[in-house]
Every structure is written in structure tokens, then in C-alpha cells.
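A short write-up of the structure that comes next.
The values are calculated or read from the model by the stated rules, or taken from the named source; none is laboratory data. Computed from a prediction, not measured in an experiment: that's the story for all the values here. As a convention, Cβ positions derive from the backbone with ideal geometry for all residues, glycine included, and neighbour counts pool all protein chains shown. Just so you know, the surface numbers come from the protein's heavy atoms only, side chains and all, with ligands and any DNA or RNA stripped out. Shrake-Rupley method; radii C 1.70, N 1.55, O 1.52, S 1.80 Å.
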Amino acid sequence: MSKWKHLAPPWAATQYKYWPPAWMKHEKIRPWRFDKGVYARLPGHYIKRKLELVSREPIPVHWRPVQGKYKIHPRTGERVRIQNVAIPVMYPKEADQGLWGGEGVIKGYRKKKIKNRWIPSWWVPTIRKRVLYSEILDRWMEITMTERAMMLIDDAYGFDFYILKTHETDLKSQLGMDLKREMLLTLVRKSMYPDNPEKQQKIYNKYKKFIVPEYEAEWIGLSLEDAVKKKLAMEEKRRTPVALQDIYTEELVESLQSGEFFKDQEQVKPKTLWEKIKPLIFEDTKETDKKKKSR
């Protein structure tokens, strides 16, 4: 892990002693992977984003951290160190198919009455279907959401702003990351509103501060499995040779479809019989003159 050691979190000092926190186990991201095999050949900006994903702590949703380092114990009156321990939250597959705003499923225990035993319980967020509109993509989408996600969209002044502003650690949704990648590629390529240049420029100026290079936007939000598949496909495409016959055939078909082939044929004028014979006659006369001079 020598190359990415300065970007790795403290718990990833060695793969044997420290393990990632409970809320990161489902991601299967291990910083020491990026020094061997195909993982080491992944783009540097992608690896940096993945390590930032495991090293950056998410915004607390189900608990409130206490400020400060110490507090006074209410009974003994002694100074006690404050321990901010996050509540373990589980994110099922359904969370990747919608926008839950960082909420998840919590497992715990509760009592119905004081004398009763502790009963294992599950707390699940309330999910509702909502129809949202994206200015950049110019389409309506029906997405399963929580009340917190809708409040965050209102605080960000729009659905597009919420997707582009929110970090992957706080978004916790594969759907959200796919939408972010699609929005960034649309902005970079300026493919939105092709029939309305004024609106296209207006939307571009509105969201231009989020624009990243195209080669970087193509990798945003990809899981490790998808990134490895994409990298192997790119390497395989470079490795397989292409016959010149196939290249020339494609160029000929494109020129025929675009009409450039016929334009080139019109520019080339057919030669007359005299134009064809003229160079041959002059070549013969030049050779006879050379022979006479040599004699």
C-alpha cells in the first residue's frame, strides 16, 4: 500500500490488524488492493475517490455527536472522556434503487413495558414514491424516497443540485451515483437541449461549477466490479489488432453515406486520349535526345 498510503484511513494501516468500520463492510473496499493486479491499473482519480469514500466519515443521520472531548459525570462529578460512537446502520439493496438521504435500517432492542424483557426490533425508514424532474437530463423520474431526502432536495434548491453537491458517502445510493455520472457527462458533452441553444447555454452556465473532465466523469460512481470490467474491456480493445481491410471498408461506407465520395469523384475530371498519350510521347523523345547526345 505504498503508493496510496497517505490517502488511506487510520484503520487501514495493515490488513491484518485493522479492519474497516461496520458501516463500510458492504462496500468491500480495501486500500491495500490498489497495489496489485488490475486494481493497480485503474485510473488514479478513481482510486482516490474510492479511498476518500472509506476515509471520510458520513454526516450523522440517526444520532447526534456530542461536542467537546470531556464531560462531567452526572453522579460522580468526575471528568469523563466523551465517546461518540455511531449507531450501526444497514443499507439493503433497495437503498441503491432509490434515494434514502443517508437513512437505513437499524437493529436494536426495546421494551413494551418496564417489567417485560428486551425484544429485538427493526426500525425501517418510511419510503414513498415521488416523481422528480431533472433539468440537465430533461426527463421525469419516479423514485422511491424518504422524507429526509425530499427535505435535502429542497435545501439544495433542486434535484440536480442535490445529486451534484452531495458526496458519495452521504448519498449512499447507486441510483444517485449513476444519475450524477450521467449528468456530468451530459454537461461536459453539452448534449442537453440540442434544439434549443439558448436554454442549453443557460443550463450549462447554471451547473458549470460541477463540471469535471470527461475521462474522469466516465468513472464516477462505478463500483469496483464495474470499474475492473471496464478497464479489462479497454485493455482488450487495445490488444486486439484490426485488419486494414475492415478499416478501409468502414471509411468507404462512411464516405458513401455522407456523400463525400461522390464529391471527390466530381472534382476528378476524366482524361482525354491526348492527355493519356502525351506523357508517353515526350518520354520517348527525351530518351532519343539523350542517346544522340551520348553518341
Inset, instruction - Between LYS237 and LYS111, with labels modelled 7 Å along Cα→Cβ, what's the label distance in nm to one decimal, could you check? - result: 6.3 nm
Inset, instruction - Please give the per residue volume of the convex hull enclosing the alpha carbon atoms of segment 170-267, rounded to a whole number of Å³. - result: 175 Å³
Inset, instruction - Quick one: pull the percent of accessible area on segment 86-198 belonging to carbon and sulfur, 1.4 Å probe, ligands and nucleic acids left out. - result: 53 percent
Inset, instruction - Just give me a number: lysine pairs in segment 155-234, eight or more positions apart or cross-chain, with C-alpha atoms less than 13 Å apart. - result: 8
